[in-house]
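Q: Please find one structure pasted underneath; my questions will follow.
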Amino acid sequence: MKIAVCIKRVPDSETRVKIASDGKSLDEAGVKFILNPYDEFAVEEALRRKEQAGAGEVVIVSVGPAAAQETIRTALAMGADRGVLLQTDTIPADGLEIARALAAEVRDSGYDLILFGKMAIDDYNHQVGPMVAELLDLPCVTAIAHLEIGGGKGTAEREIEGGVEIVDFPLPAVLTAEKGLNEPRYPALKGIMAAKKKPLEVKPASLGAGGLEVLALTPPPQRKEGRVVGEGPAAVLELLRLLREEAKVL
Amino acid sequence: MSKVLAVLEQREGALRKVSSEVVTGARRLADGLAGRVDALVLAAGSVQGIDQLGGFGADTVLTLTNDAFGRDAPEACTRVIADRAKAGGYRAVVFAASATGRDLAPRVAARLGVALAQDVTDVAVEGGAVTVIHPVYAGKALLKLKLTATPAIVSLRPNVFTPVQRPKAGSAETVAVPAPTGRVVVTAIKPATAGTLDVAEAPIVISGGRGLKEPANFKVLEELAAAFGGRAAVGASRAVVDAGWRPHADQVGQTGKTVSPTLYIAVGISGAIQHLAGMRTSKVIVAINKDKDAPIFKVADYGVVGDLFEVVPRLTEEIRKLHG
């Protein structure tokens, strides 16, 4: 079982967003970066599939700055075999550019599965995985919460509004991971030490400018100051009156 | 004339609510481009609700039918939509950022070789170009983007584009089409146990956090949701999802769903930054918490300080009276 996992280095979810002086990007000063949480599920799933198959290789691929090597090492510490960084200082807003670079990297490499997180928690783009599938003409299931693989095919569960789809697909395939797919392992000290010696190839990413131009990054509008209506169950009637008469939502 | 393609969604032959929102967003773009809106529905047969779409601004509604479209058929739908977008010379293609739309839009964009702005909360035409607002960092910042490729492909966040009546002719046509066989096949759909409303699409969301103390106590919130007569869904904070009390599908926040209901009621939720990120675009926020210093009160329009096990049942009782 040969598996590629495409990952992204993202700001931690506790990050307080400060906008850089260009008015178009995040001020990264003091920001802690992590492996995108949805990608952790993808890495974990790849490791389990390789373990289940008894043989294989898990390759981590990322598009990002030089510092993304640390993010790749995190995945290697979890147990992946080697990494590839397609290095770039600027990541275009257009996910199709990222998808093209990743597709060129994983194309014709004999992967049985190409895994992604369903989205990155920074750009919320929800798109690179299925775009890679389309570019490579591979079957694709997005946002999977359960996976079974056997006999050259797979079955996945995918949450939709008010239900869960059961989806069959043949391998090779592109899958994107939803939270709940598994419980990612923490890298053990032994894994962290071993990761330092695992191969990590760094090469320049070939990226176009893409079709999305960033005009501005702004803070969201502040919600107007709220108020405490009252204390305990006695406040319920006043709350309802306000919801009906002032907010007009009931 | 500039044309905008609105890709709608149906389930089991009934148009989904997001579809009128998609027509509304598409109409806004078409007005800016002095163009028209063609609505497109893929279905197994005839679709209920099609006749309403003209009211929201669809100039034409085309239903393409094939047995394969009875369930999500991503590969066949991608081809049919992409072919349509290309052959019709559309200036923009609008999807819903729903489970289905979020899956299809990137495939269609890649097939057409153009950029996609996913999950946007506003669309406009400025100087002839399509611009969008796309929340990033879970809504902690808003990215304004210009789409420079044609067609401009966007998906709209559910519940944000309030449908407005903009009557147009809405001429309807149904055509049976061939559909390529897909490799990805939906073999079954299990209905969610929690009910049919998804937190991302419900007009009212009632979320619970650690203040509920134990999983069984979510019954208190489910009763309140039921009192709203099928318009409310029960959500959860990351803490209780990670503890295994509630399914992940119910999680609201940066690593869960981003919601924009008309009314969001946060119960026993302190208001961690990652939770606030997921619900701050709600129209009205109510917080019920026993800790008067909880950060949730800073974003709540209306707060009630008190024991949720006393406040919520009282609220349920009063809502029942309203809807009784």
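The values are calculated or read from the model by the stated rules, or taken from the named source; none is laboratory data. Being a predicted model, the structure only gives us computed values, none of them experimental. Using ideal geometry, Cβ is built from the backbone for each residue, glycine included, and neighbour counts are taken over all protein chains shown. Accessible surface areas use protein heavy atoms only, side chains included; no ligands, DNA or RNA. Shrake-Rupley method; radii C 1.70, N 1.55, O 1.52, S 1.80 Å.
Q: Restricted to region B:150-171, and to residues that are crowded, with 18+ Cβ neighbours inside 10 Å and part of a strand (DSSP E or B), which residue is farthest from the other protein chains (Cβ to nearest Cβ)?
A: By that ranking, first place goes to B:Leu156.
Q: Are any residues in region B:112-130 within 7 Å of chain A (Cβ to nearest Cβ), of a type outside the set (Gly, Ala, Ser) and over 19 Å from B:Gly88 (Cβ atoms), and if so, which ones? Before you say what the answer is, go through the steps one by one.
A: Going residue by residue through region B:112-130, those that are within 7 Å of chain A (Cβ to nearest Cβ) are B:114-119.
Filter once more, keeping what is of a type outside the set (Gly, Ala, Ser): B:114, B:116, B:118-119.
Those that are within 7 Å of chain A (Cβ to nearest Cβ), of a type outside the set (Gly, Ala, Ser) and over 19 Å from B:Gly88 (Cβ atoms): B:Gln118, B:Asp119.
Q: Can you run down the residue pairs with Cβ atoms below 6 Å, 6 or more apart or on separate chains, where the first is in region B:242-257 and at the interface with chain A (Cβ under 10 Å from one of its Cβ atoms) and of a type outside the set (S, T, N, Q) and the partner is in a helix (DSSP H, G or I) and surrounded by fewer than 24 Cβ atoms within 10 Å (Cβ to Cβ)?
A: Matching pairs, first to second residue: B:His248/B:Val241; B:Gly253/B:Arg238; B:Gly253/B:Gln274.
Q: With touching a residue at least 12 places away in the same chain (Cβ under 8 Å), more than 8 Å from chain B (Cβ to nearest Cβ), more than 26 Å from A:Gln69 (Cα to Cα) and not in a loop (DSSP other than H, G, I, E, B) as the only criterion, which of A:Leu115, A:Leu147 stands out? If you could, list the steps in order and put the result at the bottom.
A: Details: A:Leu115 fails: more than 26 Å from A:Gln69 (Cα to Cα).
A:Leu147 is the lone residue from the list that is touching a residue at least 12 places away in the same chain (Cβ under 8 Å), more than 8 Å from chain B (Cβ to nearest Cβ), more than 26 Å from A:Gln69 (Cα to Cα) and not in a loop (DSSP other than H, G, I, E, B).
Q: Further question on the same structure: Among B:Ala14, B:Ala34, B:Ala44, which is hydrophobic (A, V, I, L, M, F, W, C), within 14 Å of chain A (Cβ to nearest Cβ), without any contact (Cβ under 8 Å) to a residue 40 or more places away in the chain and open to solvent by 20 Å² or more (accessible area, probe 1.4 Å)? Spell out the reasoning first.
A: Working: B:Ala34 fails: within 14 Å of chain A (Cβ to nearest Cβ); B:Ala44 fails: within 14 Å of chain A (Cβ to nearest Cβ).
Exactly one residue qualifies, and that residue is B:Ala14.
Q: Also: Looking at region B:69-98 only, could you name the residues that are open to solvent by 10 Å² or more (accessible area, probe 1.4 Å) and under 18 Å from the mean Cα position of the chain (by Cα)?
A: The one that is open to solvent by 10 Å² or more (accessible area, probe 1.4 Å) and under 18 Å from the mean Cα position of the chain (by Cα): B:Asp72.
Q: I'm trying to understand the selection: among the residues of region B:276-298, which are within 22 Å of the chain's Cα centre (by Cα) and at the interface with another protein chain (Cβ under 10 Å from one of its Cβ atoms)?
A: First pass over region B:276-298, keeping only residues within 22 Å of the chain's Cα centre (by Cα): B:276-286.
The answer is B:Leu276, B:Ala277, B:Arg280, B:Thr281, B:Ser282, B:Lys283, B:Val284, B:Ile285, B:Val286.
Q: Given the residues A:Gly64, A:Gly23, A:Gly30, which is the only one that is open to solvent by less than 10 Å² (accessible area, probe 1.4 Å), of a type in the set (Gly, Ala, Ser) and over 16 Å from A:Asp112 (Cβ atoms)? Steps first, please.
A: Working: A:Gly23 fails: open to solvent by less than 10 Å² (accessible area, probe 1.4 Å); A:Gly30 fails: open to solvent by less than 10 Å² (accessible area, probe 1.4 Å).
Of A:Gly64, A:Gly23, A:Gly30, the one residue that is open to solvent by less than 10 Å² (accessible area, probe 1.4 Å), of a type in the set (Gly, Ala, Ser) and over 16 Å from A:Asp112 (Cβ atoms) is A:Gly64.
Q: Can you go through B:Leu147, B:Leu104 and tell me which one is in contact with a strand residue (DSSP E or B) (Cβ under 7 Å, 6 or more places away or on another chain), of a type in the set (A, V, I, L, M), open to solvent by less than 10 Å² (accessible area, probe 1.4 Å) and within 10 Å of chain A (Cβ to nearest Cβ)?
A: Working: B:Leu104 fails: open to solvent by less than 10 Å² (accessible area, probe 1.4 Å).
None of the others qualify; the one that does is B:Leu147.
Q: Which one of B:Glu214, B:Glu222 is among the acidic types (Asp, Glu), closer than 22 Å to B:Asn159 by Cα and either free of Cβ contacts under 8 Å to residues at least 12 places away in the same chain or more than 9 Å from every other protein chain (Cβ to nearest Cβ) (or both)?
A: Values: B:Glu214 fails: closer than 22 Å to B:Asn159 by Cα.
So the residue among B:Glu214, B:Glu222 that is among the acidic types (Asp, Glu), closer than 22 Å to B:Asn159 by Cα and either free of Cβ contacts under 8 Å to residues at least 12 places away in the same chain or more than 9 Å from every other protein chain (Cβ to nearest Cβ) (or both) is B:Glu222.
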